[in-house]
1. What is the chain's relative contact order, in percent, from Cα pairs under 8 angstrom and six or more apart in sequence?
2. Nearest 0.05, what FRET efficiency do residue 327 and residue 24 give at R0 = 45 Å with Cβ-Cβ as r?
3. Mind giving me the FRET efficiency for residue 31 and residue 56? R0 is 51 Å, r the Cβ-Cβ distance, nearest 0.05 is fine.
4. What ranking, highest mean first, results for peptides 90-102, 39-51 when packing means the other Cβ atoms within 10 Å averaged over each residue?
5. Taking every DSSP beta bridge with both residues inside the chain, roughly what % is antiparallel (nearest 5)?
6. Using C-alpha positions alone, give me the convex hull volume of the range 253-376 per residue in cubic angstrom.
7. Can you grab the distance from the C-alpha centre of the range 158-200 to the C-alpha centre of the range 352-379, Å, no decimals?
8. If I fit a long axis through the Cα atoms of helix 475-487 and take the longest principal axis of the Cα atoms of the chain, what angle between them do I get, 0 to 90°, rounded to 10?
């Protein structure tokens with residue numbers, strides 16, 4: 001076979017080889033991509049609930065959440081010693097449809113005395129209405145925002161020196177207002193709610209916010225560690241900057257709290273508890289053990305406070321382990337009974353009855369393998385007291401500030417508060433608080449006990465006399481109540497109507 005040069009085409013042996021495929025034409029040039037949209041700002045924190053207004057521009061005020069004495073505003077203005085609501089054409093004035101009556105939002109801030117009720121009634125100096133046009137004409141662009149979510153406390157020192165009124169009313173109600181924004185607070189304390197950037201005490205200086213044990217300041221900084229307090233002297237210096245001027249401070253988001261206004265409304269007027277107003281706004285099911293959103297509405301606050309006091313997550317979860325089914329891992333804990341002794345104070349049990357009660361409680365706990373804690377607050381560090389409260393299933397004590405520690409009790413399905421009175425005395429303070437926290441409640445009057453829906457009559461007879469220095473109590477009655485609460489048939493949530501329909505829980 002002759003030599004073939006490399007350039008000679010070679011075939012596969014087919015007689016008629018297929019024609020070569022034509023070359024694929026190049027793709028057409030790509031169209032230029034449209035420009036990327038500008039990045040959208042990430043809305044975080046309180047801006048999710050209260051979008052910031054246009055700076056230096058008058059915008060109408062709006063009502064975000066309302067109950068008597070607890071009003072959440074967007075764009076509340078302050079100038080020349082007066083808070084202003086800037087209204088559009090459809091909002092009208094006070095009590096005309098959109099805005100509540102002035103007296104149901106604010107007051108003059110004077111102490112709450114029976115003889116000065118008229119002097120506490122607010123007028124245009126305390127709060128007034130301006131149209132958008134009038135506000136723009138007066139202030140033009142001289143509008144200066146106090147950014148963030150401000151809590152404006154219009155209450156006097158009278159009630160701010162007391163642990164109960166601060167922790168179980170002021171901060172309790174503030175927490176309820178905030179958690180009302182969350183449709184379902186989580187058992188582990190996770191909430192989707194606004195958080196106060198500052199508390200402004202309009203009529204109370206720092207000394208006036210100080211109770212004997214220092215719990216007012218502790219709860220402020222433990223429950224709201226990122227909130228800055230501003231007391232009356234600093235507020236007055238700030239207010240002076242817009243006196244006799246055509247300048248205005250604007251609060252883009254504000255909770256305005258007024259005790260007198262709360263008592264002018266239905267829920268607080270009927271219960272004598274100021275947080276009853278925002279409690280009702282939250283809705284949901286009520287009762288011991290709770291169902292729905294109300295069962296864990298306070299759990300975020302409880303966990304923040306106790307974490308600040310050094311309480312472990314294992315203790316924080318005690319109530320969740322007792323749920324059916326359990327909401328936290330681990331074995332359920334035995335019940336803990338805590339007796340808060342007041343034997344070193346003015347209002348206390350008779351010495352012999354106190355000793356018999358302690359002995360009976362110790363015997364009961366030994367019999368059932370429960371744990372007994374005898375708390376003497378005067379001899380215990382604050383953080384240790386709160387740890388004991390965080391472990392408590394049943395708390396009992398003579399009527400007094402110590403029962404405010406029930407705020408730290410876990411949301412346990414059999415939790416209870418027992419409050420001892422000298423017969424026939426009774427006050428509602430801790431009964432209402434126990435109910436909205438999901439604790440069962442019992443009034444003990446010596447050898448008689450009451451529990452909702454049946455309550456003793458409110459009675460302050462000889463309240464501040466020597467008769468309350470030796471209160472009688474029948475120890476077997478107390479033991480019977482506790483054993484029934486912890487060992488009896490568990491009927492699930494109680495739906496109490498302590499005063500009248502729509503007010504109780």
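1. For the chain, the relative contact order is 15 percent.
2. 0.10
3. On the way: r = 43 Å, r/R0 = 0.85.
After rounding, the FRET efficiency stands at 0.75.
4. In descending order of packing, they fall as 90-102, 39-51.
5. Details: 22 of 65 bridges.
In the chain, DSSP labels about 35 percent of beta bridges as antiparallel.
6. Working: hull volume 24.6 nm³, N = 124.
Expressed per residue, the convex hull around the Cα atoms of the range 253-376 is 199 Å³.
7. Centre-to-centre distance over Cα atoms comes out at 33 Å.
8. Once rounded, one gets 20 degrees.
Rule-based calculations on the coordinates, nothing more; no lab input. Fair warning: this is a prediction, and the values are worked out from it, not measured in the lab. Here Cβ is always computed from backbone atoms with ideal geometry, including for glycine, and neighbour counts include all displayed protein chains.
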